[in-house]
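No value in this document is a laboratory result; all are computed from the given coordinates. Bear in mind that the values here come from a model prediction, so they are computed numbers and not experimental data. In this analysis, Cβ positions are derived from the backbone assuming ideal geometry, glycine residues included, and neighbour counts consider all displayed protein chains.
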């Protein structure tokens, strides 16, 4: 599915009419749904009502945009994301990010459920993403550049905003939340990685591995957004522990970390509401 500016504006206009504009966006990963319930005066629209939008097919992904107020800021929560392994093109996977940009979003907080590669991590912990490795062999910016959003060759030196990362560390310490830091590796899925693949990505410098996030981050940076990424380490990756991996386990662990996740997210958004709205 080729995403044109006409399609993007049509989708953004539909969301704007239903929910209004937004300043901050949050993408919820597997098992981390429910944050939208904390929004004041929420307005929502199902993906099926947005022209050109795909529909999420994965358990733990609700499939709707919810926009509400948090301390005078308009926050858009994407409850349910799209994955390349579902058969969606990367244009479709990242279409919501383009729509967010057209709605006025300047800051994106992106979350995911990930497998722990770093043997110092434990399931049930959070990881602040410092950088990414793209082992998918694909890039969402391939094809005609959308000049309205950004340049042909965007810089990824600080894909995850250093200032936002420092704030996240400070806020986690304030609330007594253990926050690991590390590199996230994107692989296509949907099969979980083999033990040999996990040994490979550990050698390359990855601390966690998953099947999402990187294409959205690339497009968000291309669109001029500041990005903060947080992984919920819902399981240890293949070969780290002598046990099989199941998606149900991922969802259950997501439920267990939801309290710390929400506390950290509330604190981060609280800080962002103290900044002037025009801050990039």
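Here are some notes:
- With the highest mean first, a sort of the peptides 213-221, 255-263, 112-120 on other beta-carbon atoms found within 10 angstrom per residue produces 213-221, 112-120, 255-263.
- Semi-axes of the equivalent ellipsoid of the stretch 112-159 are 31, 12, 10 Å, computed as sqrt(5λ) over the eigenvalues of the C-alpha gyration tensor in descending order.
- Model label points for residue 188 and residue 40, set 7 angstrom from Cα along the Cα-to-Cβ axis, are 4.7 nm apart.
- When you count the other C-beta atoms within 10 angstrom of each residue and take the mean per peptide, 93-103, 77-87 line up highest first as 93-103, 77-87.
- Mean projection area, nm², convex hull over Cα of the stretch 1-137: 9.2
- Each label was represented as a point 7 Å from its Cα along the Cα-to-Cβ direction; for residue 156 and residue 144 these points are 2.4 nm apart.
- A convex hull fitted around the alpha carbon atoms of the chain yields 116 Å³ per residue.
- Highest-first packing order for the peptide set 226-232, 9-15, 148-154 is 226-232, 9-15, 148-154, based on the mean count of other beta carbon atoms within 10 Å.
- Once C-alpha pairs closer than 8 Å and six or more residues apart are averaged by separation and normalised to the residue number of the chain, the relative contact order reads 25 percent.
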